[in-house]
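Structure record follows, encoded as structure tokens.
The values are calculated or read from the model by the stated rules, or taken from the named source; none is laboratory data. The shown structure was predicted, so the numbers you read here are calculated from the model rather than taken from an experiment. No Cβ is skipped: glycine too gets one built from the backbone with ideal geometry, and neighbour counts run over all protein chains shown.
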Amino acid sequence: MTRFASFSLVALALALAPACKQDATPAAKPATADAKKPDDKATPSPAATAPAAPADAAAAPVATGPTGARLKLPSQAPQTGAKITTADAMEMHMDIEANGQKMAMTQSKVEKNTIEVLAATPEAMTKIRVVYGERSQQQTMNGQAKANPDPLAGHTYVVEAKDGKISATREGHPASADESAELEREWKSLGQQEKMAKLMASREFVVGERVALTGDEMKALMDDESDKSAVVDAAITLTGVEGAQATFSMEMTFQVKDGPPLSIPLRGTVVVDAQKGWPLEFKMEGPIKGSAQGYNFEGAMKASKTFQYQ
């Protein structure tokens, strides 16, 4: 499996944290004769709690393969010449209520990229060519949309991990400071064995058997974004193996730490190439519900990612 397995969760963390931070002080709708002006000095208390929404609406994992069948995934990186096309999407909507007023917020993110492996070790890719296609982020607050331009969209880069550093060029020329900063953030684990791949390859899975993850394993799900969010409870269940594809159900509680405290129970599926250990499809979704000193949050979010290999 490659570093891409945890990318959707990291995208959720990066998208949710600033959004929720802004949501703590929602802008009021135009005043009416009966509307009360919110108290501008009211701020969420760090000690406020945000109870997780019940997840009982999601069905428990159902095994589709022979119960008791076992699977041990390999851990190998795509090698020189391989091409990976990815499509990543995230959607979130939330209603915020404070002091009798309501605000609607939505956020979406779409990314489509093609990665060509230029150099690799058996454990990790070390040099890649990345063709960035669509990369769009948009946030809407009370019907007012705000797009966030992406400096990488539409460009091609060569990114290399060497001597503990990440370097990047754009079409044969050094990348700009903004581009380099974004590429270094996105590819900081280039040249290293991907944590999620190591986690999956370290276990033997049994169809129908729920496996609770340890604290270190949960950190691997979030890569290096633990300052903004964390996975505080997680389990994975192998539900079946058909041909070269293994399907897992995944459940976790995702906690946003940068802003009002929100705990989000997520459930979904991960489809993996059983012969190579590479991810094929990733889907997660769940409700958002919480409160913090006079502010109530309720909504839902979902994320998906697909992978095609050549």
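Some notes on this structure:
- Where a residue in segment 132-147 is among the charged types (D, E, K, R) and its partner, wherever it lies, is part of a strand (DSSP E or B), with Cβ under 6 Å and at least six apart: 134/110; 134/112; 135/111; 146/139
- On inspection, residue 206 passes the criterion of being more than 21 Å from residue 110 (Cβ to Cβ), surrounded by fewer than 19 Cβ atoms within 10 Å (Cβ to Cβ), in contact (Cβ under 8 Å) with a residue 40 or more places away in the chain and in contact with a Lys or Arg (Cβ under 7 Å, 6 or more places away or on another chain).
- Subset tally (residues that are assigned to a loop (DSSP other than H, G, I, E, B) and either modelled with pLDDT under 90 or among the hydrophobic types (A, V, I, L, M, F, W, C) (or both)) for segment 263-293: 3
- Hey, residue 97 part of a strand (DSSP E or B), among the acidic types (Asp, Glu) and within 30 Å of residue 294 (Cβ to Cβ) or not: yes
- Candidate set: segment 120-163, residues that are exposed (fewer than 15 other Cβ atoms within 10 Å of the Cβ) and of a type in the set (A, V, I, L, M); chosen: the one nearest to residue 184 (Cα to Cα): 153
- The set of residues from segment 76-119 being surrounded by 20 or more Cβ atoms within 10 Å (Cβ to Cβ) and among the small types (Gly, Ala, Ser) comprises 77, 98.
- Annotation: of all residues in segment 229-252 being more than 22 Å from residue 202 (Cβ to Cβ) and surrounded by fewer than 19 Cβ atoms within 10 Å (Cβ to Cβ), the one that is modelled with the lowest pLDDT is 243.
- Contact map, segment 282-300: first residue under 29 Å from residue 248 (Cα atoms), second residue assigned to a strand (DSSP E or B) and polar (S, T, N, Q), Cβ cut-off under 7 Å, separation 6 or more or different chains; pairs are 282/304; 283/269; 283/304; 290/263.
- On the stretch given as segment 209-219, residues that are in contact (Cβ under 8 Å) with a residue 12 or more places away in the chain and part of a loop (DSSP other than H, G, I, E, B) total 2.
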